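Since the structure comes first, as structure tokens, the remarks are kept for the end.
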Amino acid sequence: MLKSRLLGQQGLTVSEFGLGCMGMSHAYGPADEKESLATLDRALALGVQFFDTAEFYGPYKNEELLGRWIAGLQGQREKIVIATKFGFDISQTRASGLDSRPEHIRQVVDASLKRLQTDYIDVLYQHRVDPEVPIEEVAGTVGELIQAGKVKYFGLSEASVKTIRRANQVQPVSVLQSEYSLWERQLEEDVIPALRELNIGLVPFSPLGRGFLTGSAKPAESYPKDDFRSWGDPRLQGDNYQANMQMAQVVKEIATRYETTPARVALAWLLAQGEDIVPIPGSKSIRHLEDNMGAGSVMLSQDDLVCLNQMTVTGARYIPEFERLTDKA
């Protein structure tokens, strides 16, 4: 069974790994609902308590999938932690911009509660920082929802240190969700030190570099058009892909020595970065889930941690369209 970790100073306790559910409905090609539901069941059996979704995934389809699963838990709702997110304008059936106006936040939460078939959301994240709405208004609105019992904990996603500090002064922030892995380490310079100063947990998404660190990633042009990796990740394109294969090879070589898998090595590296970190590797199959959840038993040597720390990645994190949505304040 998985160990537990405490995130933030408000008492949010979760399993050392969560499950990112986005790929069951969004971004990485087709998924089979029966297999997805079976994967959720298996995750719970393995000790996963933390399940991550958002209204944006689908849109709406991923929350609806989680809702059907939650409805069948038969009294086990209090054993799991459900995280979802607001912050996009999805009025045109697809995200057409950002919207964190207080009235919109309230509308999204009510709609998410219905789709999730639950009467409270454990962790409510602002999905992306909206420059048109002061973060103090956002934090205050989530605080009101917490007081009303609709939400338990406040989280931010892809937020800068300045934004985190301002929000935390109005409503304590329990967790920040951002991309962090051997594949993406920009948080280390200023964000992670600030989180530790403020006692805020970190929930890394894409902890396997969208599959690259597992050794199974392909060049961008090899993915179907409905897969984000075919067009949205410069690190998989052209010469960048070839250069980054050297990183994947290092992870594979270390995994071979430990008689384990590259995915487990990459996730074990993340766990070793601090007890205040809970990765949420995504999976839509039991096979990948079981591989990922075994990472907690891999204890990397100091020499191997140093080796992994020295690796560098080639290429921009996102295409400009997505980079603009990342808070730089």
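Observations on the structure shown:
- Residue 264, sole failed condition from (1) crowded, with 20+ Cβ neighbours inside 10 Å; (2) of a type in the set (D, E, K, R); (3) closer than 24 Å to residue 200 by Cα: (3)
- Qualifying residue in the range 268-275 (condition: under 29 Å from residue 39 (Cα atoms), within 23 Å of the chain's Cα centre (by Cα) and at pLDDT below 95): no
- Taking the criterion of being of a type in the set (Val, Ile, Thr) and over 16 Å from residue 62 (Cβ atoms), the residues of the range 4-47 that qualify are 13, 14.
- Any hit, the range 270-278, residues being in contact with a strand residue (DSSP E or B) (Cβ under 9 Å, 6 or more places away or on another chain), over 26 Å from residue 69 (Cα atoms) and of a type in the set (Gly, Ala, Ser): yes
- Condition check for residue 111: surrounded by fewer than 18 Cβ atoms within 10 Å (Cβ to Cβ) and among the aliphatic types (A, V, I, L, M): yes
- Enumeration of residues in the range 22-50 that are of a type in the set (A, V, I, L, M, F, W, C) and closer than 23 Å to residue 269 by Cβ: 22, 43, 46, 48, 50
- Any hit, the range 308-315, residues being modelled with pLDDT of 95 or more, of a type in the set (S, T, N, Q) and in contact with a Ser or Thr (Cβ under 7 Å, 6 or more places away or on another chain): no
- Hits in the range 295-322 (condition: out of contact with any Phe, Trp or Tyr (no Cβ under 8 Å at 6 or more places or on another chain), within 26 Å of residue 54 (Cα to Cα) and part of a helix (DSSP H, G or I)): 320, 321, 322
Rundown of residues vs (1) without any contact (Cβ under 8 Å) to a residue 12 or more places away in the chain; (2) surrounded by fewer than 23 Cβ atoms within 10 Å (Cβ to Cβ); (3) under 29 Å from residue 37 (Cβ atoms), yes/no style:
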site: 133; (1), (2), (3): no, yes, no
site: 148; (1), (2), (3): yes, yes, no
site: 152; (1), (2), (3): no, yes, yes
site: 157; (1), (2), (3): no, yes, yes
site: 162; (1), (2), (3): no, yes, no
site: 188; (1), (2), (3): yes, yes, no
site: 195; (1), (2), (3): no, no, no
site: 199; (1), (2), (3): no, yes, no
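- Looking across the range 11-41, the residues that are over 20 Å from residue 210 (Cα atoms) and buried (at least 18 other Cβ atoms within 10 Å of the Cβ) come down to 12, 14, 15.
- Residue in the range 167-180 that is free of Cβ contacts under 8 Å to residues at least 40 places away in the same chain, out of contact with any Cys (no Cβ under 6 Å at 6 or more places or on another chain), surrounded by fewer than 18 Cβ atoms within 10 Å (Cβ to Cβ) and not in a strand (DSSP E or B) present: yes
- Cβ-Cβ under 6 Å pairs, at least 6 apart or on other chains, the range 12-29 side without any contact (Cβ under 8 Å) to a residue 40 or more places away in the chain, far side in a loop (DSSP other than H, G, I, E, B): 26/57; 26/58
- Residue 91 being closer than 24 Å to residue 145 by Cα and crowded, with 23+ Cβ neighbours inside 10 Å: no
- Residues located in the range 211-240, provided they are under 21 Å from residue 287 (Cα atoms) and either without any contact (Cβ under 8 Å) to a residue 24 or more places away in the chain or of a type in the set (Phe, Trp, Tyr) (or both): 211, 212, 216, 218, 223
- Extreme residue, farthest from residue 324 (Cα to Cα), among residues of the range 81-109 that are in contact (Cβ under 8 Å) with a residue 24 or more places away in the chain and of a type in the set (D, E, K, R): 106
The values are calculated or read from the model by the stated rules, or taken from the named source; none is laboratory data. Quick caveat: nothing in here was measured; it's all calculated off a predicted structure. Ideal geometry is used to build each Cβ from the backbone, glycine not excepted, and the neighbour counts take in all protein chains shown.
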